[in-house]
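Notes follow once the structure below has been shown.
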Amino acid sequence: MLSFWEKDSYYANTDVIIIGAGLMGLWSALELKKQRPSLSITIVERNSTPLGASTRNAGFACFGSLTELLFDEAKLGTNAMLDILEARFKGIQKIKSHFSAETIQFDPCGGYEAIPASHATAANLDDHIQTLNQLLSPITKLDQTFTNQSAEMRKIGLKNFDHLVGNVLEAGIHSGKLVNALSKLVMEKGVTILYGLEVKDWESERNGVQIQMQNGLKLCANQLISCVNGFTQQLIPSLNIVPARGQIILTNAFEHLTMKGTFHYDEGFYYWRNLGNRILIGGARNLDFKEEETTDLSGTEKIRTHLLDFLRQHIVTHENIVMDQYWSGIMGFTPTKEPLIEEVAPNIFAAIACNGMGVALTPVMAEKLAIQVMANV
Ligand SMILES: Cc1cc2nc3c(=O)[nH]c(=O)nc-3n(C[C@H](O)[C@H](O)[C@H](O)COP(=O)(O)OP(=O)(O)OC[C@H]3O[C@@H](n4cnc5c(N)ncnc54)[C@H](O)[C@@H]3O)c2cc1C
C-alpha cells in the first residue's frame, strides 16, 4: 500500500507520462517543459539506469556518410535526404548548445567512410563528392564537407580498403555522460524520473490514460508517450518495431595508435573509432540478421571474433590487437527504417528513435513530438 505522501508526490497524477529514460524520452521531456514549464511530467524507466541503446551505443554524433546520403537521395529524393541531414546537423548543434564539450566529451574529430571498389559510387567518387558538397553547403556553410582521402589511407592508420572518404562534420561523444547530463537537466526542470519501474500495460481512458506497472502500481496521466525503442513490441505490437542487437568490443590500449576519428564501412554495418589509445568497434549484424533480431543483451562469440579479425585486417599497427571489454545494445527498426512519431490511440504517442542514428536525431524529433502532444494537452 502506498502512503498518502507517496501517492501525493512520486506517484501523483500528471499531465504526461513518458516510458523510457533513454535519449528519446529525455529530450521529449525537456522539449515539453520548454513549451510549457508548468506541465507535470513523470518518466518511468524499468532499469536502475537507462538500458537499451542510448548508453550502449558507439558514441558517434552521426552526421551521415557519403554512401548513406546518396542511398537516401536515390530512395527518397534530394529534398527528403537534405531534410534528414539538416535535422541531424541541427541536432548536433542543439546538443552542443546545452552541454559544454568537456561535460559530454564532444570531440569534433571528423570521420571517414571506407568504400569498396565494387560499390556503385566508387567509379565516380570525386563527382559524387563534389555534387554532395554543393548540395550540403547551404546547410553546413562549408564548401567541402566530404573529401577524397584514399591516397592518405596508410597515414590515417588504415589498410586493405579501396577508397576512403573524409567527413569533417563527424564527431565523437561520451554516451554515458550525455545521458547523465541530460537526465540531470531534465530533473532540474522539475521532471520526475522513476527508475526501476517496469510498465506492463496501458489503457486509454475517456480523459486520459492509465498505465499498469509490473509491481501492481497504477499511474494516471492525460497523455502517454512511449519511448521504449527496441522494446516497443512488448507494449505496442501494432507498430511492428523489430529489435536489432548491436554488439561492440573495446580493445586494449595501444602504445601508439595512428588511427583517430570515427569510421564506417559497408553501409554502416561496421563502425569504429578511437577511444584515447583504444579502438571501439561495433556492428557486423549482417553476419546473421535473424540471430541479431533480439532484445537479449548477451552477444555472441561469433560476432566478437569477427570484429577483432576485421580490425587485424584493416588497422595499421605492429602491436597485438586484443579484446578488453564487450557489450551489446538494442536498436529498434521501424518497417520503413525511418524515425517514427505516431499517435497510436487517443492520448497515446510513440516515438521510435531513429534506428542506429539517434544521438543527433532525438533532439530534433523531440521538437516535432512536443508540438503534437501539446495540441492535445
Ligand atoms: C550498438 C549500438 C550502437 C549505436 N551507435 C550509435 C552511434 O554511434 N550514433 C548514433 O547516433 N546512434 C547510435 N545508435 C543508436 C542510438 O543509440 C539510438 O537511436 C538511441 O539511443 C535511441 O534512444 P531511445 O531513447 O529511443 O532508446 P533507448 O536508449 O533504447 O531507451 C529505451 C528505454 O526504455 C526502457 N524501457 C523499455 N521497456 C520499458 C518498459 N516496459 N517500462 C519502462 N521502461 C522501459 C529501456 O530500459 C531503455 O532505457 C546505436 C545503437 C546501438 C544499439
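The values are calculated or read from the model by the stated rules, or taken from the named source; none is laboratory data. Model, not experiment: these values are computed from the prediction. Heads up, the Cβs are rebuilt from the backbone with ideal geometry, glycines too, and the neighbour counts pull from every protein chain shown.
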Matching residues in segment 355-376 (assigned to a loop (DSSP other than H, G, I, E, B) and away from the ligand (no atom under 15 Å from the Cβ)) number 2
- Query: Is it true that some residue in segment 262-269 is among the acidic types (Asp, Glu), under 20 Å from the mean Cα position of the chain (by Cα), within 21 Å of residue 65 (Cβ to Cβ) and not in a helix (DSSP H, G or I)?
  - Reply: yes
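This table checks each residue for (1) touching a residue at least 24 places away in the same chain (Cβ under 8 Å); (2) under 30 Å from residue 61 (Cα atoms); (3) away from the ligand (no atom under 13 Å from the Cβ); (4) touching a helix residue (DSSP H, G or I) at 6+ places or on another chain (Cβ under 8 Å).
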| site | (1), (2), (3), (4) |
| --- | --- |
| 173 | yes, yes, no, yes |
| 178 | yes, yes, no, yes |
| 181 | yes, yes, yes, yes |
| 186 | yes, yes, no, yes |
| 204 | yes, no, yes, no |
| 212 | no, no, no, no |
| 223 | yes, no, yes, yes |
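Here is a yes/no grid of residues against (1) assigned by TED's automatic domain parsing to the domain that holds residue 221; (2) closer than 19 Å to residue 364 by Cβ:
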site: 11; (1), (2): yes, no
site: 15; (1), (2): yes, no
site: 34; (1), (2): yes, yes
site: 45; (1), (2): yes, no
site: 49; (1), (2): yes, no
site: 52; (1), (2): yes, no
site: 66; (1), (2): no, no
Checked against (1) surrounded by fewer than 15 Cβ atoms within 10 Å (Cβ to Cβ); (2) touching a Lys or Arg at 6+ places or on another chain (Cβ under 8 Å), residue 109 satisfies every condition except (1)
Among (1) in contact (Cβ under 8 Å) with a residue 24 or more places away in the chain; (2) surrounded by fewer than 22 Cβ atoms within 10 Å (Cβ to Cβ), residue 95 falls short only on (2)
Check your understanding: Does residue 88 satisfy the criteria of being more than 7 Å from the ligand (Cβ to nearest atom) and either farther than 17 Å from residue 268 by Cα or of a type in the set (Asp, Glu) (or both)?
Key -> no
Across segment 46-55, the tally of residues that are surrounded by fewer than 24 Cβ atoms within 10 Å (Cβ to Cβ) and either near the ligand (Cβ under 6 Å from one of its atoms) or among the basic types (Lys, Arg) (or both) stands at 3
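Residue by residue, here is whether (1) among the aliphatic types (A, V, I, L, M); (2) more than 16 Å from the ligand (Cβ to nearest atom) holds:
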site: 124; (1), (2): no, yes
site: 128; (1), (2): no, yes
site: 136; (1), (2): yes, yes
site: 143; (1), (2): no, yes
site: 157; (1), (2): no, yes
site: 170; (1), (2): no, no
site: 191; (1), (2): yes, no
site: 200; (1), (2): no, no
Over segment 292-307, the set of residues free of Cβ contacts under 8 Å to residues at least 40 places away in the same chain and within 21 Å of the chain's Cα centre (by Cα) is 298
Taking segment 315-354 and keeping only residues that are aliphatic (A, V, I, L, M), in a strand (DSSP E or B) and more than 9 Å from the ligand (Cβ to nearest atom), one is left with 315, 323, 340, 341, 344, 345, 348, 350
Filtering segment 270-288 down to residues that are assigned to a strand (DSSP E or B) and of a type in the set (Lys, Arg) yields 273, 278
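Can you tell which of 132, 85, 164, 66 is under 21 Å from residue 273 (Cβ atoms), in contact (Cβ under 8 Å) with a residue 60 or more places away in the chain and aliphatic (A, V, I, L, M)?
Exactly one of 132, 85, 164, 66 is under 21 Å from residue 273 (Cβ atoms), in contact (Cβ under 8 Å) with a residue 60 or more places away in the chain and aliphatic (A, V, I, L, M), namely 66.
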